[in-house]
């Protein structure tokens, strides 16, 4: 599963530099698959659609930091636990009940993001 940031976020930004996939963005910021990854060209999202990795996408949240589920690997292949949750002072980085992935799927996503 991916991690989400709840609306309890205090916008401290502690989580953003900890993400090895650059999947965390400040509220209102647009995102790209290519940010902090080795991906370029067409990229297939989890919902089956394809986008250009360098094209900016609409923010997931306008009000607080957010995590792009298509880039979140729960830090599998990098760390023993999600680093955003480990450093969050208000414990608002939690499992996303709507996005379920196995460890193998998360590792495959990591490999896809970092060729």
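Against the list (1) at pLDDT 95 or above; (2) assigned to a loop (DSSP other than H, G, I, E, B), the condition residue 84 fails is (2). Do we find that residue 97 is exposed (fewer than 14 other Cβ atoms within 10 Å of the Cβ), within 13 Å of residue 3 (Cα to Cα) and modelled with pLDDT under 95 in this structure? Spelling it out, residue 97 is indeed exposed (fewer than 14 other Cβ atoms within 10 Å of the Cβ), within 13 Å of residue 3 (Cα to Cα) and modelled with pLDDT under 95. Given the condition within 15 Å of the chain's Cα centre (by Cα), assigned to a strand (DSSP E or B), in contact (Cβ under 8 Å) with a residue 24 or more places away in the chain and closer than 22 Å to residue 103 by Cα, answer yes or no: does some residue in the stretch 11-24 qualify? Within the stretch 11-24, one or more residues are within 15 Å of the chain's Cα centre (by Cα), assigned to a strand (DSSP E or B), in contact (Cβ under 8 Å) with a residue 24 or more places away in the chain and closer than 22 Å to residue 103 by Cα. Is the stretch 95-112 home to any residue that is part of a strand (DSSP E or B) and free of Cβ contacts under 8 Å to residues at least 12 places away in the same chain? The answer is no, given that none of the residues of the stretch 95-112 is part of a strand (DSSP E or B) and free of Cβ contacts under 8 Å to residues at least 12 places away in the same chain. Please go through the stretch 31-44 and give me each residue that is surrounded by 12 or more Cβ atoms within 10 Å (Cβ to Cβ) and in a loop (DSSP other than H, G, I, E, B), ordered by number. Those that are surrounded by 12 or more Cβ atoms within 10 Å (Cβ to Cβ) and in a loop (DSSP other than H, G, I, E, B): 32, 33, 34, 35, 36, 37, 39, 40.
The values are calculated or read from the model by the stated rules, or taken from the named source; none is laboratory data. These numbers come from a predicted model, not from an experiment. All Cβ positions, glycine included, derive from the backbone under ideal geometry; neighbour counts span all protein chains shown.
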